[in-house]
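Encoded as structure tokens, the structure appears first; notes follow it.
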Amino acid sequence: MQTKKNSTKKERFSRRTLYRAITAYGINLMVLSFVIVVLCSCGTTRYFQVKTEPEGALLLKRDKWAIDYPVKSPENEKVTFLTKSEEYAYIAMKRGYMPDTVIVNRESPAEVAIRMKRIEGVSTELPPKPNILQDKALLLPVDVEFFWHKGVGNLDKHELDAEQSAKCAEELARALTGNPAIKPCQSTEALDGFRVSQNSELMKRLFSLNPAYLNYYPKPVVINDLVSADALQTVAGNFNTSDAKYLLMVYCKSIRPTSGRIVGNIIAGSLAPVFAPYYTPSAFVRDNSTLTAIFIIDPKSYEVIVFQTIVTNYDIYKNEQIEKLASEIFTLLEQKGTSKNYTFSTIVFADMIRNPLIKRGC
């Protein structure tokens, strides 16, 4: 009888606890909603007309989180200031001009004029957009870094497999040069300076670029100052005997979990209810993936004229996966980088540099 009474008391206690939790959650939600409504009602909405001199500049807006994103309607740009001290920055970028910034607040005039200063000696003309599959390109040594993901959950590490990296690079180069528009470079052993995995300064410059800004940086992005004279001479010799008009550089970083990690994660996942406070679901997700960066370079000026990226949810351990990636690269080149699957936003690309998938020595 005593046990029954205790059980009834526990049930009542559990119900009261549940009701209290639900009530507390509802109150917190109502308070949060009220705060949001109050903030929005107290905010001031302004419309700005933003113009750049000269015209044709890339116009960006930076909010309080210091994130740059393109302005959608510069002729009637809507901004809501939630506080008196809140500010927004408009940034203009154009080839041949110094970038300029204008900061606005709720008291600023509606007309915003951004006047950029000319950079002497830098042409404002952009190189013509290449059609690789028609104009043809010389393929620089394909650079692949293949990593094994080891361990279980958060107790993990990424280990570079040099032998598998070389094998994947060879197979991907073979798949790419199977297209008559892609010509292989000769004497590739002399061109290691073009491999970003072996040239830290080249990697730093290339992966600090934002693909969306490439045609709007103040000066052309060139790489010949980061590559040895011998490598440049070797490339020049290749062009003297080729009908190609461009250089094509391909870099891949691929990750494949080991079988031990897959089995270990399955076992650890089954024990998740026991270790719920210490369980992080994202640490147990299979991360077969490949990041591919594609650069098209003018062999006369060594300017990077195209930079595109592809992120796939498969690694390139097997030949059929390498063939699939090569096909995706050709599709990107045919569409000239307009495919929705391959376009990176400013925020996403900025995060790529810090992501273990792209970071050296991950």
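The values are calculated or read from the model by the stated rules, or taken from the named source; none is laboratory data. Here the structure is a predicted model, which is why all the values come from computation and not from measurement. Glycine also receives a Cβ, built like all others from the backbone with ideal geometry; neighbour counts cover every protein chain displayed.
Being of a type in the set (S, T, N, Q) and at pLDDT below 90 is the filter; apply it to region 231-262 and report the residue that is nearest to HIS158 (Cα to Cα). Walk me through how you get there before you give the answer.
Within region 231-262, the first condition is being of a type in the set (S, T, N, Q), and the residues that meet it are 233-234, 238, 240-242, 254, 258-259.
Next, from what is left, pick out any that are at pLDDT below 90: 240-242, 259.
Numbers: ASN240: 42, THR241: 42, SER242: 40, SER259: 14 Å.
If we take residues in region 231-262 being of a type in the set (S, T, N, Q) and at pLDDT below 90, then SER259 is nearest to HIS158 (Cα to Cα).
If you take the residues in region 113-122 that are outside any loop (DSSP other than H, G, I, E, B) and in contact (Cβ under 8 Å) with a residue 40 or more places away in the chain, which one is surrounded by the most Cβ atoms within 10 Å (Cβ to Cβ)? Explain how you work it out, then say what you get.
Residues of region 113-122 outside any loop (DSSP other than H, G, I, E, B): 113-115, 118.
Okay, now just the ones that are also in contact (Cβ under 8 Å) with a residue 40 or more places away in the chain, so 113-115.
Details: ALA113: 13, ILE114: 18, ARG115: 12.
Within region 113-122, the match that is surrounded by the most Cβ atoms within 10 Å (Cβ to Cβ) is ILE114.
Could you list, in sequence order, all residues of region 184-202 that are among the hydrophobic types (A, V, I, L, M, F, W, C) and closer than 19 Å to VAL304 by Cβ? Spell out the reasoning first.
Our first condition is that a residue be among the hydrophobic types (A, V, I, L, M, F, W, C); within region 184-202, this holds for 185, 190-191, 194, 196, 202.
The answer is CYS185, LEU191, PHE194, VAL196, LEU202.
Can you tell me which residue among LEU126, LEU172 is outside the structural domain of GLY237 (by TED's automatic domain parsing) and either outside any loop (DSSP other than H, G, I, E, B) or in contact (Cβ under 8 Å) with a residue 24 or more places away in the chain (or both)? It would help to see each step written out before you state the result.
Details: LEU172 fails: outside the structural domain of GLY237 (by TED's automatic domain parsing).
So the residue among LEU126, LEU172 that is outside the structural domain of GLY237 (by TED's automatic domain parsing) and either outside any loop (DSSP other than H, G, I, E, B) or in contact (Cβ under 8 Å) with a residue 24 or more places away in the chain (or both) is LEU126.
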**Study point:** Index of the failed condition, LYS219 passing every other in (1) over 24 Å from THR292 (Cβ atoms); (2) of a type in the set (Lys, Arg); (3) in contact with a strand residue (DSSP E or B) (Cβ under 6 Å, 6 or more places away or on another chain)
**Key:** (3)
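Do you know which of the residues in region 56-110 that are in a strand (DSSP E or B) and either in contact with a Cys (Cβ under 7 Å, 6 or more places away or on another chain) or small (Gly, Ala, Ser) (or both) is farthest from ALA212 (Cα to Cα)? Step through it out loud before you land on a result.
Taking region 56-110 first, the residues in a strand (DSSP E or B) are 58-62, 68-70, 77-81, 88-93, 97, 100-104.
This time we only want the ones that are either in contact with a Cys (Cβ under 7 Å, 6 or more places away or on another chain) or small (Gly, Ala, Ser) (or both), so: 89, 92.
On the way: ALA89: 19, ALA92: 14 Å.
Among them, the one singled out is ALA89.
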**Study point:** Among (1) touching a Lys or Arg at 6+ places or on another chain (Cβ under 8 Å); (2) within 30 Å of GLY151 (Cβ to Cβ), the one test that ASP243 misses
**Key:** (2)
Point to revise | Test: residue in region 180-203 that is at pLDDT below 95, among the hydroxyl-bearing types (Ser, Thr, Tyr), over 30 Å from PRO99 (Cβ atoms) and not in a helix (DSSP H, G or I) | key: yes
**Study point:** Selected residue (criterion: surrounded by the fewest Cβ atoms within 10 Å (Cβ to Cβ)) from residues of region 97-112 that are at pLDDT below 95 and touching a Ser or Thr at 6+ places or on another chain (Cβ under 8 Å)
**Key:** ASN105
Practice item. Could you tell me whether LYS61 is assigned by TED's automatic domain parsing to the domain that holds VAL306, surrounded by 12 or more Cβ atoms within 10 Å (Cβ to Cβ) and either at pLDDT below 95 or among the β-branched types (Val, Ile, Thr) (or both)? Key: no
**Study point:** Odd one out for GLU159, checked against (1) assigned by TED's automatic domain parsing to the domain that holds ARG256; (2) touching a residue at least 60 places away in the same chain (Cβ under 8 Å)
**Key:** (2)
**Study point:** Residues that are more than 22 Å from ARG256 (Cα to Cα) and surrounded by fewer than 19 Cβ atoms within 10 Å (Cβ to Cβ), drawn from region 182-201
**Key:** PRO184, GLN186, SER187, THR188, GLU189, ALA190, ASP192, SER200, GLU201
Check your understanding: Which residue out of TYR279, TYR314 is within 21 Å of PRO257 (Cβ to Cβ), aromatic (Phe, Trp, Tyr) and at pLDDT 85 or above?
Key -> TYR314
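If you take the residues of region 214-270 that are in a loop (DSSP other than H, G, I, E, B) and of a type in the set (D, E, K, R), which of them is farthest from the chain's Cα centre (by Cα)? Break it down into steps so the answer makes sense when it comes.
Step one: of region 214-270, the residues in a loop (DSSP other than H, G, I, E, B) are 217-221, 223, 227-228, 241-245, 258.
Those left that are additionally of a type in the set (D, E, K, R): 219, 243, 245.
Details: LYS219: 22, ASP243: 33, LYS245: 28 Å.
Among those that are in a loop (DSSP other than H, G, I, E, B) and of a type in the set (D, E, K, R), it is ASP243.
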